[in-house]
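Since every read-out is calculated from the coordinates, none of them should be taken as a lab result. The structure presented is a predicted model; accordingly, all values stated were derived computationally and were not measured. Counting neighbours? That spans all protein chains shown, and the Cβs are built from the backbone with ideal geometry, glycine included.
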């Protein structure tokens, strides 16, 4: 536990064969897609124990890895208590998201 609140944009620099990144049990509420971009080559990111705010800014995680088994959402209210793994992109909204009606 390092009391991290964010991941720096260069988190993957210098670790070309990193397979596992444990940032569990910190204070990370959201992630930046650019921060994880260098890790896309199969790196498993362990997020358990972080108070994730599972809104539209974390939608990209649904495509990044399909095994967010222990990543837990504490907000927004509509998804509070859910695990990221169980959410759909439609559930991960931001206040100004518009709905498409066809």
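Site pair residue 94 and residue 20 shows an inter-label distance of 3.4 nm when each label is modelled 7 Å from Cα along Cα→Cβ. Using P(r) over Cα pairs in 5 Å bins from 0, in percent as the read-out, say which of (i) 3, 12, 20, 18, 12, 7, 5, 5, 6, 5, 4, 2, 0; (ii) 2, 13, 23, 25, 19, 10, 5, 2, 1, 0; (iii) 2, 10, 12, 15, 13, 13, 13, 12, 6, 2, 1 was calculated from these coordinates. Looking at P(r) over Cα pairs in 5 Å bins from 0, in percent for this model, the match is (ii). Mean sequence separation of contacting Cα pairs (under 8 Å, at least six apart), scaled by the length of the stretch 20-91, corresponds to a relative contact order of 29 percent.
Using the beta-carbon distance between residue 77 and residue 48 and R0 = 22 Å, what value does 1/(1 + (r/R0)^6) give for FRET efficiency, to the nearest 0.05? Efficiency for this residue pair is about 0.50.
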